[in-house]
1. Any idea which of (1) among the aliphatic types (A, V, I, L, M); (2) more than 16 Å from ligand 2 (Cβ to nearest atom); (3) closer than 20 Å to A:HIS201 by Cβ is the one A:ILE286 doesn't satisfy?
2. Condition test on A:ARG52, is it more than 30 Å from A:TRP194 (Cα to Cα), in contact (Cβ under 8 Å) with a residue 40 or more places away in the chain and not in a strand (DSSP E or B)?
3. With the structure loaded, tell me whether A:PRO257 is away from chain B (no Cβ under 14 Å), within 16 Å of ligand 1 (Cβ to nearest atom) and not charged (D, E, K, R) or whether it fails that test.
4. In segment A:336-352, how many residues are more than 9 Å from ligand 2 (Cβ to nearest atom) and in contact (Cβ under 8 Å) with a residue 60 or more places away in the chain?
5. Report whether or not A:PRO26 is in contact (Cβ under 8 Å) with a residue 24 or more places away in the chain, surrounded by fewer than 17 Cβ atoms within 10 Å (Cβ to Cβ) and either touching a Leu at 6+ places or on another chain (Cβ under 7 Å) or not in a helix (DSSP H, G or I) (or both).
6. Given the conditions (1) surrounded by 13 or more Cβ atoms within 10 Å (Cβ to Cβ); (2) within 16 Å of ligand 1 (Cβ to nearest atom), and given that A:SER375 satisfies all but one, which numbered condition is not satisfied?
Amino acid sequence: MSAAVTTSPAIGPPLWLLLELTYRCPLQCVFCYNPIDFAKVEDELTTEEWIRVLREARALGSVQLGLSGGEPLMRDDVEAIADEAHRLGYYTNLITSGVGLTRERLSELKRVGLDHIQLSFQDSTREMNDFLSHTRTFELKKRCAEWIKERGYPMVVNCVIHRLNIDHLDTIIDMAVRMGADYLELANTQYYSWAHLNREHLLPSREQLQNAERTMLAWRERMKGKMKIFFVVPDYYEQRPKKCVNGWGTTLATIAPDGTAMPCHTARMLPGLSFPNVRERSMRDIWFDSDAFNRFRGWGWMKEPCASCEEREKDFGGCRCQAYLLAHDAAAADPVCSKSPHHRVVVSAVERAQETRVPEAPLVFRRPENSRSYS
Amino acid sequence: MSQADRPSIRPGIRLQWEAVQNAYVLLYPEGMVKLNTSAAEILRRCDGMRSVDEIVADLESAFNRNGLQGEIEHFLQLARAQGWLSAAES
Ligand code: SF4
Ligand code: SF4
């Protein structure tokens, strides 16, 4: 995209395509990014429909492909989808908790040309991993890591970081090193969906965060050239919002299990937008012409303080979902921004995170019963 | 990196022509870079068969220019620092 200021920048291709193949998942992570009402979605796209999406998006220029969920391996056609993706020239990433992976499936995925696997952990010990995901999956994940290595895949480990596990960062990194990880992503929780519901339990204190950063930096120095460590601080502790999905409708297209197409995987929560469905419209039509993908493109939709802000090209006003969740207006400035009139919502959440009391509301696990009762 | 090294693109990383972007791109786990012409022309020759000297000679003849060695070696160093290359032992 050119740096020139225009009201409607040219629409580039959807370079990244994220297919959320299913919302089914045997885990029940308290920070899950799936929509709270995921249990309502039952009508998943068929193999043929996913393959049509792949073809249409590839013709538009999509090239980085994420297969995620839920747990994508809950479907038995991940191999067929990866196979077609490879034939079309995608670089295919499987984003999995490891549940459902077997040696046989992995051989088949390798054979059809899957490019890489990102394996997620919840913590470094069996007790905490299994508590946070509410399942007994730790040993299984470790086995998966061995198989992934054995197959010659780059080892990409992801661990979502929050108040309940951030103090274990040293052992989490140590675990990744011992597993032979090439990349380690320490993703601080983003507070949408389930994580937003559980925010009081999950937002770390400033002191926890500072300690964690120190630990991470020491490991980064030690593992230089051997393992790349990514660490993103939670945006609640920043003064400026992140550039959400690189700008609405500029780079990413997400397709939900039922075929709903969105500029980001949490956008479903936004009111007043009807998202197009790949069952009814082509990817070309969706990407270039749908109201939903055009709604927050460019600058025309912006309100003050963003509309006249000289930083608007840096962050596009932040995340639309966070604006809606915290300022109740999807077109507002992301309240993480210190210029937002709603910034105090973030400040007070951060203040509460410095207290040591245990929140009154219970920790809500991501399971179908809770999905029904909280939506 | 010595001149006898035979650089190759690291397993798991892919160099590919993308018509829509009208460019070569390098694809790796959860990331991608769009390459300019000279970067792409160098990386296309990192096939584990050619030595750095051969790559230089090849490019000099393809582009009908001399004195590219410094530029090419500098780029290969950058590429290695980015983790794009694994050196095949010759
Ligand atoms: S975050 Fe946890 S519960 Fe949600 S889809 Fe991923 S593994 Fe499943
Ligand atoms: S006011 Fe809006 S555009 Fe300016 S820095 Fe804040 S969020 Fe970004």
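The values are calculated or read from the model by the stated rules, or taken from the named source; none is laboratory data. On a predicted model such as this, the values are computed, not experimentally measured, just so you know. Don't worry about glycine lacking a Cβ; one is built from the backbone with ideal geometry, like all the others, and counts go over all protein chains shown.
1. If we test A:ILE286 against (1) among the aliphatic types (A, V, I, L, M); (2) more than 16 Å from ligand 2 (Cβ to nearest atom); (3) closer than 20 Å to A:HIS201 by Cβ, just (3) comes out false.
2. On the way: more than 30 Å from A:TRP194 (Cα to Cα): yes; in contact (Cβ under 8 Å) with a residue 40 or more places away in the chain: yes; not in a strand (DSSP E or B): yes.
So A:ARG52 passes the test.
3. Working: away from chain B (no Cβ under 14 Å): yes; within 16 Å of ligand 1 (Cβ to nearest atom): yes; not charged (D, E, K, R): yes.
Against the criterion (away from chain B (no Cβ under 14 Å), within 16 Å of ligand 1 (Cβ to nearest atom) and not charged (D, E, K, R)), A:PRO257 qualifies.
4. Counting residues in segment A:336-352 that are more than 9 Å from ligand 2 (Cβ to nearest atom) and in contact (Cβ under 8 Å) with a residue 60 or more places away in the chain gives 4.
5. On the way: in contact (Cβ under 8 Å) with a residue 24 or more places away in the chain: yes; surrounded by fewer than 17 Cβ atoms within 10 Å (Cβ to Cβ): yes; either touching a Leu at 6+ places or on another chain (Cβ under 7 Å) or not in a helix (DSSP H, G or I) (or both): yes.
Yes.
6. If we test A:SER375 against (1) surrounded by 13 or more Cβ atoms within 10 Å (Cβ to Cβ); (2) within 16 Å of ligand 1 (Cβ to nearest atom), just (1) comes out false.
Residues checked against (1) within 14 Å of chain A (Cβ to nearest Cβ); (2) in contact (Cβ under 8 Å) with a residue 60 or more places away in the chain:
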| residue | (1), (2) |
| --- | --- |
| B:ARG10 | yes, yes |
| B:TRP17 | yes, no |
| B:VAL25 | yes, no |
| B:ARG44 | no, no |
| B:ALA57 | no, no |
| B:GLU60 | no, no |
| B:ARG65 | no, no |
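Residues checked against (1) touching a helix residue (DSSP H, G or I) at 6+ places or on another chain (Cβ under 7 Å); (2) at pLDDT 85 or above:
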residue: A:SER2; (1), (2): no, no
residue: A:SER8; (1), (2): no, no
residue: A:LEU19; (1), (2): yes, yes
residue: A:GLU42; (1), (2): no, no
residue: A:THR46; (1), (2): no, yes
residue: A:ARG58; (1), (2): yes, yes
residue: A:LEU67; (1), (2): yes, yes
residue: A:LEU94; (1), (2): yes, yes
